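The values are calculated or read from the model by the stated rules, or taken from the named source; none is laboratory data. Source: prediction; values computed, not measured. Every residue, glycine among them, receives a Cβ derived from its backbone with ideal geometry; neighbour counts consider all protein chains shown. Surface areas here come from the heavy atoms of the whole protein model, side chains and all, with no ligands, DNA or RNA. Shrake-Rupley method; radii C 1.70, N 1.55, O 1.52, S 1.80 Å.
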Amino acid sequence: MEKQFSIRQRTQFDEERARRMLMYVHPKKYEDAVLADAPDIVCEKHSVGVEVTSGLRQDILQDLSRAGRISGKMDDELTKIDRDNIEKGRVLSFRNIAGTWATWGSTFDHETILKKKCQKLNSSHFRVFGHNELFIFAWLIDQEELEEALEYISAGKWIAEDARYVFDTIFIFDDKVLTEVVMDGMPIISHAIPGAIMRRISEESYKQVFGCDKDDVRS
């Protein structure tokens with residue numbers, strides 16, 4: 001059975017994972033969280049809106065979509081060998097990944113995405129809540145790259161002079177830790193998500209979005 005992974009489905013997969021991670025670290029705050037559009041997650045009870053981005057360029061998303069059709073793998077399942085080969089730009093055979101692996105430093109400009117998301121928050125079609133948040137998937141960033149991003153967030157250079165609204169909280173997730181940055185006072189909180197919990201979140205999100213288990217796709 002071959003599963004077709006469209007870019008939209010991959011986007012929804014990330015949004016669902018973000019929703020479940022937020023519910024895991026702050027169960028009361030996000031207890032009624034549901035997927036929506038502009039922003040991607042809404043919590044009516046506590047007036048919270050969360051915009052989600054994968055941190056991957058559009059061409060990378062397209063490559064991953066094609067890779068998913070070949071291998072059945074999602075971005076968080078790539079092996080070290082997969083990533084090394086992708087990083088070297090190799091075109092691989094069936095059952096392997098073809099494309100360019102995205103890391104924060106090499107293919108993702110945090111300055112650009114923060115500015116664009118702030119612009120989106122202030123656009124006419126975006127629904128603004130009492131508390132507005134941004135959730136960024138940043139697979140495999142290292143500590144130096146994370147610190148650079150945190151310094152940039154703290155400096156506020158991503159906020160346009162005419163911006164009426166800004167994100168109150170920004171989340172950055174690598175493959176193990178969810179870093180929470182609260183703009184008011186800039187406290188930074190690290191939430192470690194155990195591997196077993198993250199696997200469960202990914203499996204449940206996969207089934208929710210694609211309508212089947214990963215094992216079914218690979219059988």
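General remarks:
- Just one residue in the set 128, 166 is within 21 Å of residue 12 (Cα to Cα), in contact (Cβ under 8 Å) with a residue 24 or more places away in the chain and in a loop (DSSP other than H, G, I, E, B); that residue is 128.
- Scanning region 157-173 for residues that are open to solvent by 20 Å² or more (accessible area, probe 1.4 Å) and not hydroxyl-bearing (Ser, Thr, Tyr) returns 157, 159, 160, 161, 162, 163, 164, 166, 168.
- Residue 161 closer than 30 Å to residue 124 by Cβ, among the acidic types (Asp, Glu) and part of a strand (DSSP E or B): no
- Residues located in region 1-59, provided they are small (Gly, Ala, Ser), at pLDDT 95 or above and either under 18 Å from residue 191 (Cβ atoms) or in a helix (DSSP H, G or I) (or both): 18, 33
- Residue match in region 89-97 (condition: modelled with pLDDT under 55, surrounded by 20 or more Cβ atoms within 10 Å (Cβ to Cβ) and on the phi < 0 side of the Ramachandran plot): yes
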